[in-house]
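The values are calculated or read from the model by the stated rules, or taken from the named source; none is laboratory data. Not measured: the values here are computed from a predicted model. Ideal geometry is used to build each Cβ from the backbone, glycine not excepted, and the neighbour counts take in all protein chains shown.
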Protein chains: 2
Amino acid sequence: MDAYRVGSSPNVRRHRGEVSRGEREARLGQRGCVLWLTGLSGSGKSTVAYAAERALHDAGREVVVLDGDNVRHGLNCNLGFAPEDREENVRRLGEVAKLFAEQGVIALVSLISPYRGDRDKVRARLGEGEFVEVFMKIPLEVCEERDPKGLYKAVRAGKIKGFTGVDAPYEEPLEPEITVTAQNESGERTSVEDMATQIVQYLGSKGYLHSPVRPGEWIKTD
Amino acid sequence: MDAYRVGSSPNVRRHRGEVSRGEREARLGQRGCVLWLTGLSGSGKSTVAYAAERALHDAGREVVVLDGDNVRHGLNCNLGFAPEDREENVRRLGEVAKLFAEQGVIALVSLISPYRGDRDKVRARLGEGEFVEVFMKIPLEVCEERDPKGLYKAVRAGKIKGFTGVDAPYEEPLEPEITVTAQNESGERTSVEDMATQIVQYLGSKGYLHSPVRPGEWIKTD
């Protein structure tokens with residue numbers, strides 16, 4: 001036996017944490033989950049994620065933003081943009097988000113994640129209702145007009161190849177839990193605040209924020 | 001320019017989170033940090049980490065255990081035990097622990113992490129005082145006598161090669177913040193509870209638990 005050459009070695013056992021997820025969630029007064037914001041570059045994923053984070057934090061919730069760009073400076077700094085690297089990028093972010101969700105935290109992930117299959121793999125790693133896909137359904141024209149990082153301009157000038165939505169595919173979610181659009185039903189432009197509110201209201205209506213924060217009841221202070 | 005082939009592409013920007021670390025830590029009444037438990041197999045890293053987690057949780061603290069064995073079933077399931085894989089294993093766990101510390105959480109990492117250089121790289125990624133090295137200084141004979149997973153038995157039977165502390169190196173920390181020993185100064189066996197208490201007391205004395213949990217003061221409830 002040379003168990004030292006295999007990743008899922010029989011020598012590697014799972015330890016059960018001493019503090020259960022239920023205990024954590026009861027104390028936090030919320031259900032841990034992963035809100036996965038997917039969409040084109042410039043669709044507002046990070047902006048909306050941070051706005052939702054602020055709203056949830058101010059409401060006394062434990063929340064984290066895992067921003068694909070930021071994580072590429074740390075955990076995923078050894079990954080490029082080739083298809084297999086993009087797949088691994090999505091996988092790792094999914095696993096980290098899962099760790100936060102298991103702590104009872106609401107994890108907002110902001111990542112283009114253009115391939116349906118990659119996103120569905122993350123969903124499959126999580127329990128029922130723990131993966132909430134948020135489709136930033138913003139037309140390419142709108143994203144390109146915004147162009148916050150000047151990337152579309154560089155693409156059109158031929159300086160970037162293989163850009164999602166232009167000359168690389170973006171596979172739209174088939175049944176996202178939440179669809180965020182650039183305009184509301186009355187044709188008015190949707191604000192960042194509106195988009196963040198849509199996410200927070202989803203969590204509230206679906207029971208993720210299952211008990212109000214009642215200090216003294218759920219915090220053990222002795 | 002073909003920015004799509006490099007990991008640290010100039011197109012990848014850092015976003016500043018809307019909720020600051022200071023805000024999180026003020027509300028949690030604690031300072032986020034990484035407690036890195038390193039030591040031989042069977043030295044009690046995970047057992048002590050979970051005992052410290054329980055004590056901290058019961059004291060109203062936000063705490064997570066990142067167990068090297070568990071993470072190999074998720075985030076690090078695509079890594080083996082070759083030197084470069086072990087190094088990447090340590091690096092990824094360090095980055096995930098950093099993400100938790102940035103949330104103001106006390107992250108207990110349980111990982112053999114035999115190479116000083118790998119551990120020091122994690123330390124270098126964290127700020128002053130954020131990396132607390134906990135050396136489980138338990139003699140090989142004690143670990144081998146315990147042998148909770150039967151690994152030493154397999155090693156001695158020649159079924160496992162390259163085992164840390166036997167026929168692969170373990171580089172002891174030079175200046176660990178905390179050293180946990182099998183016996184106290186009076187020569188009495190140290191219990192798991194004593195070891196966990198040592199860690200919690202370190203945090204208390206060094207100001208990581210900087211304000212008591214005072215519900216109503218640090219939780220915004222409106």
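Numbers for the structure displayed
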read-out: Within the stretch A:59-83, considering residues that are over 15 Å from A:L111 (Cα atoms) and aliphatic (A, V, I, L, M), the one surrounded by the most Cβ atoms within 10 Å (Cβ to Cβ); value: A:V63
read-out: Enumeration of residues in the stretch A:52-68 that are at the interface with chain B (Cβ under 7 Å from one of its Cβ atoms) and in contact (Cβ under 8 Å) with a residue 24 or more places away in the chain; value: A:E53, A:R54, A:G60, A:V64, A:V65, A:D67
read-out: Of all residues making up the stretch A:141-178, the number that are among the hydrophobic types (A, V, I, L, M, F, W, C) and assigned to a helix (DSSP H, G or I); value: 5
read-out: For A:E95: the one exception among (1) in contact (Cβ under 8 Å) with a residue 40 or more places away in the chain; (2) of a type in the set (D, E); (3) part of a helix (DSSP H, G or I); value: (1)
read-out: Residue list for the stretch B:170-191, filter: in contact (Cβ under 8 Å) with a residue 24 or more places away in the chain and of a type in the set (S, T, N, Q); value: B:T179, B:T181
read-out: Any chance B:V192 is of a type outside the set (S, T, N, Q), out of contact with any Leu (no Cβ under 6 Å at 6 or more places or on another chain) and under 19 Å from B:V65 (Cα atoms); value: yes
read-out: Tally of residues being in contact with a Cys (Cβ under 7 Å, 6 or more places away or on another chain) and crowded, with 24+ Cβ neighbours inside 10 Å across the stretch A:41-58; value: 1
read-out: Members of the stretch A:69-81 found to be more than 7 Å from chain B (Cβ to nearest Cβ) and not in a helix (DSSP H, G or I), listed by number; value: A:N76
read-out: Any chance B:V96 is among the β-branched types (V, I, T) and either at pLDDT below 95 or farther than 30 Å from A:P148 by Cβ (or both); value: no
read-out: Lone unmet requirement of (1) farther than 19 Å from B:F135 by Cα; (2) buried (at least 20 other Cβ atoms within 10 Å of the Cβ); (3) more than 7 Å from chain A (Cβ to nearest Cβ) for B:R86; value: (1)
read-out: Every pair of residues 6+ apart whose Cβ atoms lie under 6 Å, when the first sits in the stretch B:10-27 and is at the interface with another protein chain (Cβ under 7 Å from one of its Cβ atoms) while the second is modelled with pLDDT under 55 and not in a loop (DSSP other than H, G, I, E, B); value: B:N11/B:A3
read-out: Among (1) closer than 30 Å to B:S20 by Cβ; (2) part of a helix (DSSP H, G or I); (3) over 14 Å from the mean Cα position of the chain (by Cα); (4) not basic (K, R), the one test that B:D120 misses; value: (3)
read-out: Criterion (surrounded by 15 or more Cβ atoms within 10 Å (Cβ to Cβ), touching a helix residue (DSSP H, G or I) at 6+ places or on another chain (Cβ under 9 Å), modelled with pLDDT of 95 or more and farther than 19 Å from A:A49 by Cβ) met by exactly one of A:E177, A:E144; value: A:E144
read-out: Cross-chain or 6+ apart pairs with Cβ under 8 Å, the stretch B:140-152 first and farther than 16 Å from B:G162 by Cβ and within 12 Å of chain A (Cβ to nearest Cβ), then surrounded by 15 or more Cβ atoms within 10 Å (Cβ to Cβ) and of a type in the set (A, V, I, L, M); value: none
read-out: Positions within the stretch B:3-47 being of a type in the set (G, A, S) and at pLDDT below 95, in sequence order; value: B:A3, B:G7, B:S8, B:S9, B:G17, B:S20, B:G22, B:A26, B:G29
read-out: Filtered residue count, the stretch A:89-124, keeping only those that are more than 8 Å from every other protein chain (Cβ to nearest Cβ), basic (K, R) and within 20 Å of B:F100 (Cβ to Cβ); value: 1
read-out: Checklist (1) more than 17 Å from B:V19 (Cβ to Cβ); (2) among the charged types (D, E, K, R); (3) not in a helix (DSSP H, G or I) applied to A:R61, failing item; value: (1)
read-out: Residue identified as more than 8 Å from chain B (Cβ to nearest Cβ), part of a loop (DSSP other than H, G, I, E, B) and closer than 22 Å to A:E25 by Cβ among A:G42, A:G127; value: A:G127
